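The values are calculated or read from the model by the stated rules, or taken from the named source; none is laboratory data. All values reported here derive from a predicted model rather than from experimental measurement. Neighbour counts run over all protein chains shown; Cβ positions are idealised from the backbone, glycine included. For accessibility, only protein heavy atoms count, side chains too; no ligands or nucleic acids. Shrake-Rupley method; radii C 1.70, N 1.55, O 1.52, S 1.80 Å.
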Amino acid sequence: MKKTVILVAFVAGLSFTAKAQYKVVTTRPPMGWMSWFPFIDKIDEKKIMEVADAMVKSGLRDAGYKLVQLDDGWMAANRDAQGRQYADTARFPHGMKFLADYVHARGLKIGIYSSNGMKTCAGYPGSYDHEETDAKTYAGWGIDYLKYDACGEKEKHTDRELHTRMSKALQATGRPIMFEICIFSSGETHLWGAEIADMWRTGGDIVKFIERTPEVTYKNWYTNLNQVVGKENYAGNGHWNDPDNLIVDYPRNNKQTYEEQKAQFSLWAVVSAPLILGNDVRSMSGATKAILMNKEIIAIDQDAATTPGARLLTDDKREIWVKRLKDGSKAIVLFNKQDTDATLTLNFKDIGAVEKVKIRDLWAHQDKGLFSRSYSAKVASHGVTMIKLKEVK
Ligand code: GLA
């Protein structure tokens, strides 16, 4: 018994020391946009500049979406004579420093992508054995964020070892560069992710084989949401579980209903996921903007307590998710799993609230008033009700 206690304390102490060594860039989940879902690897300077402009004009930047991230496909097919990666000159004629300056001038941050193997997942040059050079190159361009994948040949090295190499190389540049671990084939990265990174993917791509234009339904995000369950305690305060990008307004073969897309946004906020857009922000409908710029829900994701929420209950019909907030209130999501609309009920005793509670509906932007014992709401099929609940003493 005694031995176990000492061992636990020892292991806990070790992981605390390791965590403390990695300097996070910010304590809140990152918010921004990534090029992979809208453009696959067909990215170029013009598209990215238009995206940066659209982020400002649409109000996304001011709502908190500050990152513009170039995913796979930005690099030239080979390294230069000094062994450095550089942007494909046909698609990025002015180079990456120019693009970084353009993005920065609009009050945004710029992110980039590479892989720990010899090639990226789409077959471009990866960073294996070039970690220091690449980290210095990125810092020199003014890059603020690196998504680091796990594709390509790596001569028997483990992903953990190689991601650690890149993390150290980035920190050694002295430039604060946010680091995302993307090991889509592993569900275990949360066990060590916080030692070396700001965030880590908790599982597979939310839409797989995108070039084959698969049908995208609520099941895509529901599968990825389930990969976060049980990992909540590994995240918080500057380290985040990442169930992959938002597929609200996903641009190809999107079969989700409006209510299903609201549901993904709500659940991503409750688990404190990074809010990374996967749509073409240059052409968004008012309805899409109403989801992505729901300030009350963004505030739940970004709450100052920086503690992810968790699933409290799941059965055939519904799920209840709860996140504790800094001001003592709770954000609650009631998710209707059924193929028909239904009335869902939250019993306050299930969330430890015994007296009266005050409720605000975060989609209706409406105070609902005081309730005792329970709260019921009509919820669309695969949709949610999202409320903020405060106990009244
Ligand atoms: C992997 C990642 C995706 C994307 C592609 C790019 O599949 O999980 O998010 O970055 O690689 O090739």
*Please give, to one decimal in nm, the separation of the simple spin-label points placed at ALA304 and LYS168, each 7 Å out from Cα toward the Cβ.*
3.8 nm
*Could you tell me the accessible area of GLU132 in Å² (1.4 Å probe, neighbours in place), rounded to the nearest ten?*
130 Å²
*Starting from the amide H of TYR113, placed 1.01 Å from N in the peptide plane, find each other amide H under 5 Å away whose residue is 5 or more places distant or on another chain.*
LYS147
*Could you tell me which of LEU225, ASN245, GLY204 has its Cα farthest along the dipole of the chain towards the positive end, charges placed at Cβ (Lys, Arg +1; Asp, Glu -1), taken about the Cα centre?*
LEU225
*asked:* Over all directions, the average projected area of the alpha-carbon convex hull for the range 310-391 comes to how many nm²?
replied: 4.9 nm²
*List, in the order given, every pair from LYS317/LYS358; LYS97/LYS136; LYS368/LYS390 whose Cα-Cα distance in the structure shown is over 19 Å.*
LYS317/LYS358
*How large is the charge dipole for the chain, taken about the Cα centre, if only the Cβ atoms of Lys, Arg (+1) and Asp, Glu (-1) carry charge, to the nearest 20 debye?*
1200 debye
_Phi-based couplings in Hz for the range 190-203 (Karplus 6.51, -1.76, 1.60; Gly and Pro marked x)_ = 4, 5, 9, x, 5, 6, 9, 8, 7, 7, 9, 5, 9, x
*Any idea what % of Cα-Cα pairs in the range 16-301 are farther than 35 Å?*
10 percent
*So how much slack lies between LYS289 and GLU153, counting 0.36 nm per residue of separation and subtracting their Cα-Cα distance, in nm?*
44.9 nm
*Counting only heavy atoms of the protein chains, get the accessible area per residue of the chain (1.4 Å probe) and round it to a whole Å² value.*
43 Å²
*Would you work out what percent of the accessible area of the chain, with all protein chains in place, is carbon or sulfur (probe 1.4 Å)?*
53 percent
*Rounded to the nearest 10 degrees, what's the angle between the helix 159-172 long axis and the longest principal axis of the chain, both from Cα atoms, 0 to 90?*
80 degrees
*Could you go through the range 112-125 in sequence order and give the Karplus-derived ³J(HN,Hα) for each residue, using 6.51 cos²θ - 1.76 cosθ + 1.60 with θ = phi - 60°, rounded to whole Hz, and x for Gly and Pro?*
9, 9, 8, 9, 7, x, 6, 10, 6, 5, 8, x, 8, x
*Taking the Cα atoms of the range 71-160 alone, what are Rg (to one decimal) and Dmax (as a whole number) in Å?*
13.0, 43
*asked:* Please list CYS182, CYS121, CYS151 from largest to smallest accessible area, probe radius 1.4 Å, with all protein chains kept in place.
replied: CYS121, CYS151, CYS182
*Can you list the cysteines of the chain that have no other Cys Cβ under 4.7 Å away?*
CYS182
_In whole Hz and in residue order, list the ³J(HN,Hα) couplings for the range 295-302 that follow from phi through the Karplus curve 6.51 cos²θ - 1.76 cosθ + 1.60, θ = phi - 60°; x for Gly and Pro._
5, 5, 7, 4, 4, 5, 4, 8
*Order the peptides 168-175, 240-247 from the highest to the lowest mean number of other Cβ atoms within 10 Å of their residues.*
240-247, 168-175
*Antiparallel DSSP bridges in the chain: what percent, to the nearest 5?*
60 percent
